[in-house]
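J.: Have a look at the structure that comes next, please.
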């Protein structure tokens, strides 16, 4: 039994004439007749009664033709699914991101993605690295944008670029007179950090061990005032409640006038974080992941200014950012 034979008997049942059915299937009448007879012999039933004016389907033939029609419909559906998957840049794509990444990268990244792959529907979800990883493994997310170190079984991860940390401070602060900040310049009593348990807070403390509560004492103002988001920290610095350390992308976001807040780089080797794109090994839409990677990189000034691993494929994606 073949798909071709199923097509023949469905056409014959609908046309009730060998000649018209053969013409519809683009074959000769003897070819169709022989194929139908072969199928009847294989099934050991009579599907059609032959007569001078055409054919008449038998009761068992009606049941088999109905089943054949269902099989052909499913085959068409399978082909449609396969054809749709060939265009990997069409349809939904669920991306998870950290709250310390998404608000600052997405406004640049999404417009570029729409220009590059306009048929790709991007859905964004923010969460902690642990929750995003779990949803990625469960199939609720297709890819996640997190920070290194990151390693999961059956998950592919690719480092996108390094993003340096900078010091955000009021423009009239004494340290604003310096062009480069050393770790020893920081007063732990002034530094505002995110709440405990946040991944970025842990990265800052790893880069500046002297800011740890274990070494700076319990009475510092920083230990009494913490921000739940990077934006909260920015507002606190603008209110002259202290200084804070931010990723470059977050520090660049144009919220305050230049004469209110300023940023200063740290001396070399500057502390940094590495942004990582991760997806399941089994995820089939590799082209979608590739365009996601390239547009994220092209959207970040940290990639263009600091990355030493830019490739020709990324340079083919151009973006204008008036804030750089």
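J.: Only one of (1) surrounded by fewer than 18 Cβ atoms within 10 Å (Cβ to Cβ); (2) touching a strand residue (DSSP E or B) at 6+ places or on another chain (Cβ under 7 Å) fails for residue 181. Which number is that?
T.: Failing condition for residue 181: (1).
J.: Also: Could you check region 16-48 and list, in sequence order, the residues that are in a helix (DSSP H, G or I), in contact with a helix residue (DSSP H, G or I) (Cβ under 8 Å, 6 or more places away or on another chain) and in contact (Cβ under 8 Å) with a residue 12 or more places away in the chain?
T.: Hits for region 16-48 are 18, 21, 24, 32, 33, 35, 36, 38, 39, 43.
J.: Which pairs do you get when a residue that is closer than 17 Å to residue 211 by Cα, found in region 226-241, comes within reach of a residue that is in a helix (DSSP H, G or I), reach meaning Cβ atoms under 7 angstrom, with the pair 6+ apart or on two chains?
T.: These pairs meet every condition: 227/233; 227/236.
J.: Without any contact (Cβ under 8 Å) to a residue 60 or more places away in the chain, loosely packed, with under 15 Cβ neighbours inside 10 Å and farther than 29 Å from residue 281 by Cβ, is that true of residue 138?
T.: Here the answer is no, as residue 138 does not meet what is asked.
J.: Residues to consider are 166, 146, 155; find the one that is touching a residue at least 24 places away in the same chain (Cβ under 8 Å), surrounded by 21 or more Cβ atoms within 10 Å (Cβ to Cβ) and closer than 16 Å to residue 280 by Cα.
T.: Every option except 146 fails the conditions.
J.: Say whether the condition of being more than 20 Å from residue 146 (Cβ to Cβ), out of contact with any strand residue (DSSP E or B) (no Cβ under 9 Å at 6 or more places or on another chain) and surrounded by fewer than 20 Cβ atoms within 10 Å (Cβ to Cβ) is met by at least one residue in region 282-292.
T.: yes
Residue-by-condition table, conditions (1) closer than 27 Å to residue 279 by Cβ; (2) more than 30 Å from the chain's Cα centre (by Cα); (3) surrounded by 17 or more Cβ atoms within 10 Å (Cβ to Cβ):
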{"residue": "177", "(1), (2), (3)": "no, yes, no"}
{"residue": "198", "(1), (2), (3)": "yes, no, yes"}
{"residue": "204", "(1), (2), (3)": "no, no, yes"}
{"residue": "211", "(1), (2), (3)": "no, yes, yes"}
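J.: Take the residues in region 16-57 that are touching a strand residue (DSSP E or B) at 6+ places or on another chain (Cβ under 8 Å) and closer than 22 Å to residue 73 by Cβ; name whichever of them is surrounded by the fewest Cβ atoms within 10 Å (Cβ to Cβ).
T.: 16
J.: Are there any pairs with C-beta distances below 6 angstrom linking a residue in region 108-120 that is at pLDDT below 85 to a residue that is part of a strand (DSSP E or B), with the two at least 6 apart or on different chains, and if so which?
T.: 120/93
J.: Okay, next question. In region 142-165, what residues are touching a helix residue (DSSP H, G or I) at 6+ places or on another chain (Cβ under 9 Å) and either outside the structural domain of residue 274 (by TED's automatic domain parsing) or assigned to a loop (DSSP other than H, G, I, E, B) (or both)?
T.: 142, 150, 152, 153, 154
J.: May I pose another question? Filter region 116-141 for residues that are assigned to a helix (DSSP H, G or I) and touching a helix residue (DSSP H, G or I) at 6+ places or on another chain (Cβ under 6 Å); which is farthest from residue 97 (Cα to Cα)? Give the steps one after another, and end with the answer.
T.: First pass over region 116-141, keeping only residues assigned to a helix (DSSP H, G or I): 116, 129-138.
Now restrict to residues that are touching a helix residue (DSSP H, G or I) at 6+ places or on another chain (Cβ under 6 Å): 116, 129.
Numbers: 116: 20, 129: 8 Å.
Checking each candidate, the answer is 116.
J.: Say whether the condition of being in contact with a strand residue (DSSP E or B) (Cβ under 8 Å, 6 or more places away or on another chain) and outside any strand (DSSP E or B) is met by at least one residue in region 69-80.
T.: no
The values are calculated or read from the model by the stated rules, or taken from the named source; none is laboratory data. Predicted model, so just to flag it, every value in this text is computed and none were measured. Backbone-built Cβ (ideal geometry, glycine too); neighbour counts: all protein chains shown.
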